[in-house]
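Written out below as structure tokens is the structure these notes cover.
The values are calculated or read from the model by the stated rules, or taken from the named source; none is laboratory data. Every value quoted in this text rests on a predicted model; they were computed, and no experiment measured them. Ideal geometry is used to build each Cβ from the backbone, glycine not excepted, and the neighbour counts take in all protein chains shown. Note: areas computed on protein heavy atoms with side chains; ligands, DNA, RNA excluded. Shrake-Rupley method; radii C 1.70, N 1.55, O 1.52, S 1.80 Å.
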Amino acid sequence: MNIHEHQAKDLLRQYGVPTTGGGVAFTPEEAEKVAQGIETDVRVVKAQIHAGGRGKGKFKEPEAGEKGGVRFAKSAAEARELAEQMLGRTLVTEQTGPAGRVVRRLYLTEAAGIAKELYLSALVDRASSRVAFIASTEGGMDIEKVAHETPDKILTLTVDPATGLQPFHSRKIAFALGLKGDQIKECAKMIGGLYKLLLEKDVSLLEINPLIITNDGHLNALDAKISFDGNALFRHPDIVALRDETEEDPMEIEAAKYELSYIKLDGSIGCMVNGAGLAMATMDIIKLYGEEPANFLDVGGGASKEKVQAAFQIILSDPSVKGILVNIFGGIMRCDIIADGIVAAAREMAITVPLVVRLEGTNVDLGKEILAKSGLKIVPADDLADAAAKITSAIKAAA
Ligand code: GDP
Ligand code: MN
């Protein structure tokens, strides 16, 4: 789960990480009010969306003006004008994809004088099974690009969980960031705070880009992104309260209600599969046959008819789905339950796209019989390759 920059900064402050103060605004009036409470001459007005690259982004609507999602206001009245331009408008950045994101809230903050922009992040590194810190002097840039073009400018440091964070970790990071004097102490305090935050709140990624050195020589988190481990949210009601569902895919939210593992993808073939491994294999074989999956969907082991029905409706409600491939191996899952779920879903929503079903395993004959008697137009398939060949040729024929 992701949160907004202003929420991430509130958390950072709680853990002793310095960041400029300010407030959030949902309307131009609120923006003016928040701006009035900011004492610096210049205020930054920042679009709050769950995507980076806002500074270099562009709004779709001409009314939003030429500038991106990070703007500067010299007065509270100007902050209000900027809010009027930005709120409700669609910001397109390198990370949003071409559809962009509607800006529903703004963060207004004191403008900081920047002497230098650095990069600092901490994450759970799956390869080493450790918390890793990543530091670079190349702040404010796309870190993937820095890693690709100038890997020597990036320090990656993992923390042994047995010994925990040690003073040498922050010394190494401070050195990599080119810090001097008191900044080294500030850095140690910051690293300690970030590590504590990461562990206590089950953070999977925490990124400060840029971490700045201010004109008077202090460290400050100018931007902040925090992602949390979804599987640990049950023990963090305070974090769940920060959730902004308008930033999430509505179909993924619907799927979560039924405890379905569903991830929306860019392709055109909707997949309903049981078991994550089989779901991955199904996606692979669709690609092998020249098409792209519209989703990852694992209905799980002992799914009920209602769960299967919900899964099928979620797939059907995706307008980019041009064909559906059901691939079930009935082990714990019974094929007749899958068939019942498909038929129930089809009764409520017309299936206008080709549907290929491959069933195998427990109660397969019963499952096939239910589907055959349903009157639905179903193309049966014998195995994975047969199923992939049939669905890809069916959507080509339909197009
Ligand atoms: P992002 O584009 O979504 O990553 O948003 P950031 O918060 O990182 O802002 C983008 C850029 O805007 C930063 O790298 C800075 O160069 C600039 N910027 C943001 N806030 C300030 C500020 O308070 N003062 C100054 N001088 N520049 C800022
Ligand atoms: Mn940034």
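Using the average count of surrounding beta-carbon atoms within 10 Å as a protection proxy, the listed peptides 216-225, 56-65 rank, highest first, as 216-225, 56-65. What does the net charge come to around I253 if you take all other residues with beta carbon closer than 10 Å to its beta carbon, with K and R at +1 and D and E at -1? Around I253, the surrounding residues sum to -3. Against the main long axis of the alpha-carbon atoms of the chain, helix 167-176 sits at an angle near 80°. Expressed per residue, the C-alpha convex hull volume of segment 209-357 stands at 163 Å³.
Rounded to the nearest 10 degrees, the angle from helix 182-200 to the longest Cα principal axis of the chain is 30 degrees.
List the pair-distance distribution P(r) of segment 21-110, using every Cα-Cα distance, as the percent of pairs falling in each 5 Å bin from 0 up to the bin containing the longest distance, rounded to whole percents. That works out to 3, 18, 29, 25, 16, 8, 2, 0, in percent per bin. Our coupling estimate for segment 380-388, obtained by passing each phi through the Karplus curve with A = 6.51, B = -1.76, C = 1.60 and θ = phi - 60°, is x, 10, 8, 8, 4, 5, 4, 4, 5 Hz, Gly and Pro reported as x.
Is the shape of segment 86-131 best called rounded, prolate or oblate, per the rule: a/c under 1.5 gives rounded, else a/b larger than b/c gives prolate, else oblate, with a ≥ b ≥ c the square roots of the Cα gyration tensor eigenvalues? Because a/c hits 1.5 or more and a/b fails to exceed b/c, segment 86-131 counts as oblate. Per-peptide packing, taken as the mean over residues of other Cβ atoms within 10 Å, places 303-310, 68-75, 47-54, 343-350 in the sequence 47-54, 303-310, 68-75, 343-350 from highest down.
Once the 1.4 Å probe is applied to the protein heavy atoms, the chain comes out at 48 Å² accessible per residue.
Beyond 38 Å, the tail of the calculated P(r) for the chain holds 36 percent of the Cα pairs. Once the Cα atoms are used to define both axes, helix 5-14 deviates from the longest principal axis of the chain by about 60 degrees.
Can you give me the % of accessible surface on segment 21-110 that is carbon or sulfur? Probe 1.4 Å, all protein chains present, nothing else counted.
Its accessible area is 50 percent carbon and sulfur atoms.
Each residue, L278 and E360, gets one label point 7 Å from its Cα in the Cβ direction; the gap between the two is 0.9 nm. Report note on the peptides 236-245, 271-280: ranked by the mean count of other C-beta atoms within 10 Å, highest first, their order is 271-280, 236-245. Taking a Cβ cut-off of under 13 Å around G267, the surrounding Lys, Arg, Asp and Glu residues balance to a net charge of -2, with basic ones at +1 and acidic ones at -1.
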